[in-house]
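I have placed the structure first, in the form of structure tokens, so that the comments after it can refer back to it.
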Amino acid sequence: MAIGSRPPLIDPFGRAISYLRVSVTDRCDFRCVYCMSEDMAFLPKRDLLTLEELDRLCTVFVERGVRKLRITGGEPLVRRNIMSLFQALSRHLASGALDELTLTTNGSQLARYASELAQCGVKRVNVSLDTLDPAKFRQITRWGDLARVMEGLDAAQGAGLKIKINAVALKGTNEDEIEALMEWAHGRGMDLTLIEVMPLGEVETQRVDQFLPLSQVRARLMDRYTLDDLAERSGGPARYVRVRETGGILGFITPLSHNFCESCNRVRLTCTGQLFMCLGQEDVADLRTPLREGTHALLDQAIDDAIARKPKGHDFIIDRRHNRPAVARHMSMTGG
Ligand code: SAM
Ligand code: SF4
């Protein structure tokens, strides 16, 4: 059936699903302390959907009203031949069916891919960077090289991509650096979004030791800066302000101290074709079987059934008594 002739995806709470995040690999060239354990077990390659299958699945979602696709991971740019997926998906930008094709990356491969991404119609990228100190960067990412990420940022800006820096606020690690990160990002014309640590997957550190409430960060920033609330919302957990002194935009993602579920417009697809209707719940729908069994109708039905199960919200909690992950899977599996 042609684009637009099938009903859009609306969940039981009346929320239209217009945003799909797609994790194209669970692998990564970093091992960030809040995201992965040092000795992660990854999925066997044979379990992954091929890039052609990922394209077919994304296309069905676009036909059902998804207007924004975010490619993520693991590290999306370490998946072999990943540019072929961007090239394929860019046809939906050209046709007008899709408003935005974007990605979240750790930046390590951006120097290599920035101009190809721009040619595929990517306009903005989210780059995760928690510190400007090379030693601390190595400590947080375990394997990362800050200089390479910096080259990636230069290449991305050189290719005309807009950049949003995502930084996870970590107690005792980068909390004294938030202002410097913001001044640096805004000074380069990049937005900065701060993220609270979420209890996803077992890692070596106790979550309660990493958790820094953004309400505290915000209060501290307000001693020196004027934060003007912006109405702008992404249907997600971020709240944005404009910092009067720098002129830049600062976002706060506070899944723990704020509930953002009422406006949730998104679902998440894993690299094995599992659809998560909520980042903070275990419920999952298998789309790989209907995809491989071949009929469009079967896949459509599976997607409808999944969206009909989208929960009202999550219930993350981090405290001393609940020092275990709210959900067992790591962020690198569902895609951040
Ligand atoms: N590798 C890419 C990257 O780092 O941008 C994309 C995937 S990564 C899982 C997406 C985002 O999730 C990153 O910004 C990362 O900092 C964030 N993240 C990972 N684990 C997290 C956790 N437990 N709590 C909060 N954010 C987390
Ligand atoms: Fe890799 Fe991103 Fe997770 Fe860091 S946050 S380990 S870069 S997937």
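Across segment 19-334, the relative contact order, built from alpha-carbon pairs under 8 Å that are at least six residues apart, equals 20 percent. Based on every Cα atom in the chain, Rg and the maximum pairwise Cα distance Dmax equal 19.2, 59 Å.
For Gly144, neighbours were defined as the other residues whose beta-carbon sits under 11 Å from its Cβ, and their charges (Lys and Arg +1, Asp and Glu -1) total +1. Packing, taken as the mean count of other beta carbons within 10 Å per residue, orders the peptides 218-227, 122-131 from highest to lowest as 122-131, 218-227. Within the chain, the cysteines lacking any other cysteine Cβ closer than 4.7 Å to their own Cβ are Cys28, Cys58, Cys120, Cys261, Cys264, Cys271, Cys278.
Taken one residue at a time, the phi angles of segment 137-146 give Karplus couplings (6.51, -1.76, 1.60, θ = phi - 60°) of 4, 5, 5, 6, 8, 6, 10, x, 10, 4 Hz. Gly and Pro are set to x. Amide H contacts for Cys28 (H built 1.01 Å from N in the peptide plane; partners 5 or more residues away or on another chain; cut-off under 5 Å): Glu75. Once the Cβ-Cβ distance of Arg244 and Ala147 is raised to the sixth power relative to R0 = 35 Å, the FRET efficiency obtained is 0.60.
Would you mind counting up the charge near Ala167? Only other residues with Cβ under 10 Å from its Cβ, with Lys and Arg at +1 and Asp and Glu at -1. Intermediate values should be presented prior to the final figure.
On the way: positive: none; negative: Asp130, Glu177.
For residues surrounding Ala167, the net value is -2.
Computed FRET efficiency, Cβ-Cβ of Asp229 and Leu132, R0 30 Å: what is it to the nearest 0.05?
My answer for the efficiency is 0.65.
Beta bridges per DSSP, both residues in segment 19-334: antiparallel share near 30 percent. Placing dummy labels 7 Å off each Cα toward the beta-carbon, the span from Ser215 to Arg46 is 5.1 nm.
Put in line by how crowded their Cβ is, counting other Cβ atoms within 10 Å and starting with the fewest, Glu63, Glu179, Glu75 read Glu179, Glu63, Glu75. Checking the Cα-Cα distances for Lys45/Lys162; Lys68/Lys312; Lys171/Lys310; Lys68/Lys162; Lys68/Lys136; Lys45/Lys136 against a 28 Å cut-off, the pairs over it are Lys45/Lys162; Lys171/Lys310; Lys68/Lys136; Lys45/Lys136.
Rounded to the nearest 500, what is the 222 nm mean residue ellipticity of the chain from helices alone, with -39500 (n - 2.57) per DSSP H run of 4+ residues and division by all residues?
On the way: 11 runs with 103 residues, N = 336.
Calculated from helices alone, the mean residue ellipticity at 222 nm is -9000 deg cm²/dmol.
Only the coordinates and a few stated rules stand behind these numbers; no lab work does. Quick caveat, the model's predicted, so the values are computed rather than measured. Neighbour counts run over all protein chains shown; Cβ positions are idealised from the backbone, glycine included.
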